[in-house]
Amino acid sequence: MVKIRTVDLTKRFGEVVAVDHVSLEIQHGEFFTLLGPSGCGKTTFLRCIAGLELPDEGKVYFDDQDVTEVPPHKRDTGMVFQNYALWPHMSVFDNIAYGLKIRGYKKEEIRKRVLEVLKLVKLEGMENRTPHQLSGGQQQRVALARAIVINPKVLLFDEPLSNLDAKLRIEMRAELKRLQRELGITTLYVTHDQEEAMSISDRIAVMNQGRVMQIGTPQEIYKHPKNEFVARFIGQGTFLYGEVVARDGERLKVRLEAIEKDVLAVPAHPEANPDVGDRVLVMIRPESFELTPETRDSNEFEVEVYHVSFLGNSLRVQAKAGDEPFVIEVDPDEEVPVGKPIKVYVPPELTLAIRL
Amino acid sequence: MSSRAEGLEERLKRALRRLKWEMDPFSWSQLFVVLAAFAAFMLIPLGMVIVRSFYTSGGFTLDSLKLVLTDDYYFPLRIHLTSDFPFISLEGVRGSLYHVVEYTRPTGEVVKILYITGWDFGVLVNSLVVATSTAILSTVLGFTLAFIFAKYKFPGAEALRIISLIPLLSTPFVGAIGLKRMIVADGVLNVLFHDILRVIPFKVEITGLPAVIMVQTLIFYPIVLLNAYTALISLDPSLEEQAINMGASGFRLFRTITLPLATPGVEAGALLVFILALEDLGTPIVFKGTVAEKVLTFQIFNRIFTPAGLISQEATTLALILLVISAVVFVAVRRYVSLRRYAMLGKGGIWRPRRRRLSNKTVVLVYVFVFAVLFFATLPHIGVTLLAFSKEWGTTILPESYTLNNFKAVLADEQARRSIVNSLVYSGIATVFMVILGVSAAYLVSRKKGVPGIEALDLLVTLPIAVPGIAVATGLFLTYLGTPLSPTISGAPLLIASYTVRKIPFTVRSVFSGLEQTDKALDEVAWTVGASRTRTFFTIILPLIALNVLAGGMLSFIYSMSEVSTGIVVGDANHRDAPMTWKMYDMLFHGLAGGLAQPAAMGFMLMGLQFVFIVGANLLLRKRATALIGV
């Protein structure tokens, strides 16, 4: 087990800055995810940790050891690639045993360990198959087994589930999480799927254009986005621009731009703390809305419903106030008429203001 | 220190850090052996060609260059301005395109022979004329066939397409022997068309430069055919459909859409044919004694040794000129091929090429054309084969009787036997070197793209395609005559070295394409589980590209076997260590009664070997291509 730390890690490809002065710490045994749109630099960052890329600036530490220029084979990592990268000329057994042979284990010990790990990833009896005889999900498990059998200090995943179909993907998520918890290996995971990141991670770093936008637990990132990018990238919401006109402790009064209305809000994140006169983005998560028959003093919107979809455990209402789109989730038993105005309310403590 | 100098230092430091990261001792040693081999046996020798063209023991001189550029034998052309239309007159052209000779047979029958001899423009221009004509004719022939095969549907198209590639399986040297027997006055073609079918009123004998052009065209057109065919079938059909949709059709569609899109592939093929025709020594040798001699390659070969046994400066200067022309064309090839990749633009995926079904009438026309081409294209090979097995062959279409005696005679000849063993041994050893160097070079170029300047290595190992063999041979002699590697001591070192540097592109290309098809993640994952790069190279990369290595090695081997330029020059200097190609040359001109039959028997063996190896290599690669799918 090891703690990973980067300091000002920077990697350029020609003019493009793929990773831009990223400093972060991943704790012992933590499941840490890099989340971001494609091209945000998350894979490049992962490859710098694996030693597959040489950063242009900055340092990578495993515990207190500077590994920035240590070649990949001396870093003791296990990596699972997006396309699994199974060696087609070797059997499942040989694929998994490869790293053990390098480490000089005896034949018997190798056999014992490979069979053990196959059991762990639920592929007993598959050791003599060749990779192309396996399904995508099975190939994925072999790749995983190959990475964990060497008992690495660090596990690295580069979008490992993106080639699986939706159902299998959700199964494998749980499986990965279970394995990681059992093994307790420090894990860095890269994905562009925010739902996947939310469900699997201890902490998430949201990345955009080579920079870390926010680091936090899934709850923190969802409930307390630090900036507009994170707010819009994670989950869904209703977004309204405005200006802070008054402030009373944690309570802000925001004058909205597109709708003539003042709303009461709280700062979304302690670090994104707006003052009077600041322009802010007000974000409301869909489930923060309540249908309200009676009139409230504030934070009440009259919206026109143009689409309602039934999601099973909730009802998703798409509506507009003026030109501003609202996304609202309510109890599935509610009756919401399409084409008619309804009144919705958001408690001030769920109305989040982000300084722009 | 100025900030600019600091910037430079900074950049240098960055490059060094990069280098340290990418290269380990194993990669360094790979790079070193490739560079050392190319420096010793390609770059320094070619440098010697340049230096010795201008320096003699007496110091710097332009005498040799002046001689070559002004002597009537090399460059007799003089341009004069005149007062009459067309205001320019060209003097110095000798001979005429054709002349007719009449004679009376003892039977009283009058026979007319039309000799197509071609003009003689002097050595320098002759070489250019031959190479240009061959390139143009090959392009017309190759592109037309490619267009027919790519665009039309008719019974037997696929079989005919494969047959039309047969000339790839031999070299001009061997093909020329076969074709010569066909196109002389008493040859098969005249017997068939004049004596029997009586469709031509006189016999036709093609000699001199036209014969060289004919042989080269019939051997080289498949290069253009392959390039053009690939370009045409990889065109996204929607590009043409879009044009049709906008109202283009017929010739306009061809001129405005199809041709421009296929042009880069065709141009690359045409330029390659130009270089191959320019550097071909085998064909002029077969037609020795005619104007065919008056081309650069033959003149270099003929004059390379002074009576004192040294390398003549005249030949060296000719080699330099040959080198310069090839280099210019090579640069053009690389420009075209790299700059004009747009033909391959498209959304990817597999499409069915647009193929038109033809009306019955047009099918007949297509058949007449294709069969006519294939008839001529297979003549050299049929000629060699028939000659090799012929006992007596006078003025009939087919030999009067067949025998294996030609082969027995070859195998009974001690020198011939030794030459076969020599060729096998030298090519075999060279193949080992080519595989080691070729795999190293291809690996570095494919996997070390981050190393500053690695593109230069790519250039270096593809360069030999463009370097005329006779220029390499000249350079090797200039560099190593009188050293322990001297061919007068043993022919082996220089022949093996020459084969290695000249034929390595076949290995490099095959291995490189294998590496490019192998996901780099397969190497990377091995590193992450703890394998050093060296270990990864041997346990992961090599097994994955083994078939490409084998196929590339086979091609390099067989093209070494059929190498002419260095082989003949070294063979002339040292008969004991001469390879097969020299022995064939020797039999052609200094042989005893056998005439063409015994060299043809050797040529047939070479052709057969070439057939087996080339077809084998292609089967290997195809099998691999399908085996890769699905993993």
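Dividing the helix sum by the residues of the protein assembly as shown, where each DSSP H run of 4 or more adds -39500 (n - 2.57), gives a mean residue ellipticity at 222 nm of -16000 deg cm²/dmol. Rounded, prolate or oblate: which one fits region A:208-356, using the alpha carbon gyration tensor with axes a ≥ b ≥ c (rounded when a/c is under 1.5, else prolate when a/b beats b/c, else oblate)? The shape class here is oblate. With a Förster radius of 56 Å applied to the beta-carbon distance between B:Glu241 and B:Ala308, the computed FRET efficiency rounds to 0.20.
Going by accessible surface with a 1.4 Å probe and the largest first, B:Ser427, B:Ser96 read B:Ser96, B:Ser427.
Its Cα gyration tensor gives region B:192-303 an equivalent ellipsoid; the semi-axes, largest first and in whole Å, are 39, 22, 10. Sort region B:380-469 into rounded, prolate or oblate with this rule: let a ≥ b ≥ c be the square roots of the eigenvalues of the Cα gyration tensor; rounded if a/c is under 1.5, and if a/c is not under 1.5, prolate when a/b is larger than b/c, oblate otherwise. Prolate shape, in that a/c is at least 1.5 and a/b is the bigger ratio.
For region A:1-67, the relative contact order works out to 42 percent when only alpha carbon pairs closer than 8 Å and six or more residues apart are counted.
Under 16 Å of direct C-alpha separation, and excluding same-chain neighbours fewer than eight residues apart, A:Lys253 reaches these lysines: A:Lys261. Across chain B, the relative contact order, built from alpha-carbon pairs under 8 Å that are at least six residues apart, equals 18 percent.
Given +1 at the Cβ of Lys and Arg, -1 at the Cβ of Asp and Glu and no other charges, the dipole of the protein assembly as shown around its Cα centre is 2900 debye to the nearest 20.
All alpha carbon pair distances within the protein assembly as shown were sorted into 10 Å bins beginning at 0; the resulting P(r) in whole percents reads 2, 9, 14, 16, 16, 14, 11, 7, 5, 4, 1, 0, 0.
Sorting B:Asp84, B:Asp186 on solvent-accessible area from highest to lowest, probe radius 1.4 Å, gives B:Asp84, B:Asp186.
Think of region B:1-146 as a dipole: +1 on every Lys or Arg Cβ, -1 on every Asp or Glu Cβ, centred on the Cα centre; then among B:Leu46, B:Leu114, B:Thr82, B:Leu46 lies furthest on the positive end.
Just subtract the alpha-carbon distance of B:Arg198 and B:Asn360 from 0.36 nm times their residue separation and send over the number in nm, one decimal.
Values: separation 162, 0.36 × 162 = 58.32 nm, distance 2.93 nm.
Taking 0.36 nm per residue and subtracting the Cα distance, the gain is 55.4 nm.
Farthest towards the positive end of the charge dipole of the protein assembly as shown, among the residues B:Ala211, B:Ile397, B:Gln242, is the Cα of B:Ile397, using unit charges on the Cβ of Lys, Arg, Asp and Glu. Residues within the reach of a label modelled at B:Leu619 (point 7 angstrom out along Cα to beta-carbon, backbone nitrogen below 14 Å), restricted to region B:543-559, are B:551.
Here the translational diffusion coefficient of region A:69-146 follows from Stokes-Einstein with Rh set to the Kirkwood radius across Cα pairs; for 25 °C and 0.890 mPa s it amounts to 191 µm²/s. Taking Cα atoms only, the orientation of helix A:166-183 departs from the longest principal axis of chain A by about 70 degrees.
FRET efficiency for A:Asp193 and B:Arg334, Cβ-Cβ distance as r, R0 = 30 Å, nearest 0.05?
Values: r = 44 Å, r/R0 = 1.45.
That pair, A:Asp193 with B:Arg334, gives E of 0.10.
Counting only residues at least eight positions apart within a chain, or on another chain, the aspartates and glutamates with an alpha carbon under 15 Å from that of B:Lys448 are A:Glu53, B:Glu22, B:Asp24, B:Asp458, B:Glu516, B:Asp519, B:Asp523, B:Glu524. Each of B:Asp71 and B:Lys408 was given a label point 7 Å from its Cα along the Cα-to-Cβ line. The distance between the two points is 4.7 nm. Across the alpha-carbon atoms of chain A, the computed radius of gyration and Dmax are 24.3, 77 angstrom. Using heavy atoms of the protein chains and a probe of 1.4 Å, the accessible area assigned to B:Tyr152 is about 50 Å².
Ranking of A:Glu127, B:Glu524, A:Glu57 by solvent-accessible surface, largest first: A:Glu57, A:Glu127, B:Glu524 (1.4 Å probe, protein heavy atoms only, all chains present). Label separation (A:Arg103 vs B:Glu10): 4.3 nm, computed from points 7 Å beyond Cα along the C-beta direction.
The modelled label-to-label distance for the pair B:Thr256/B:Ile397, using points 7 Å beyond Cα in the direction of Cβ, is 4.9 nm. The dipole here belongs to region B:494-579: it is taken about the Cα centre, uses +1 on the Cβ of Lys and Arg and -1 on the Cβ of Asp and Glu, and is about 100 debye.
Pairs exceeding a 26 Å alpha-carbon distance, out of A:Lys107/B:Lys520; A:Lys107/B:Lys20; B:Lys180/B:Lys391: A:Lys107/B:Lys520; A:Lys107/B:Lys20. Our summary gives chain A a relative contact order of 16 percent, counting only alpha carbon pairs under 8 angstrom and 6 or more residues apart. Find how many whole Å separate the alpha carbon centroid of region B:402-437 from the alpha carbon centroid of region A:139-188. A separation of 58 Å, based on Cα centres. Look at the stretch A:75-82: the mean tally of other chain Cβ atoms within 10 Å of its residues' Cβ atoms is 4. Treating r as the C-beta distance of B:Val425 and B:Phe375 and R0 as 30 Å, the FRET efficiency rounds to 0.20. Packing-based ranking of A:203-209, B:69-75 yields A:203-209, B:69-75, ordered from highest to lowest mean Cβ neighbour count within 10 Å. Note on B:533-546: average number of Cβ atoms from other chains within 10 Å of each residue's Cβ is 2. Using only side-chain charges placed at the Cβ, +1 for Lys and Arg and -1 for Asp and Glu, the dipole size of region A:210-315 relative to its Cα centre rounds to 440 debye. For A:Lys177, a cut-off of 22 angstrom between C-alpha atoms picks up these lysines, skipping any fewer than 8 places away in its own chain: A:Lys3, A:Lys42, A:Lys119, A:Lys122, A:Lys153, A:Lys167.
Were the residues from A:Ser135 through A:Ser38 laid out at 0.36 nm apart, the gain over their Cα-Cα distance would be 32.3 nm.
The values are calculated or read from the model by the stated rules, or taken from the named source; none is laboratory data. Everything quoted here is computed from the prediction, not taken from an experiment. In this analysis, Cβ positions are derived from the backbone assuming ideal geometry, glycine residues included, and neighbour counts consider all displayed protein chains. Each accessible area value is taken on the protein alone, full model and side chains, heavy atoms only, with ligands, DNA and RNA left out. Shrake-Rupley method; radii C 1.70, N 1.55, O 1.52, S 1.80 Å.
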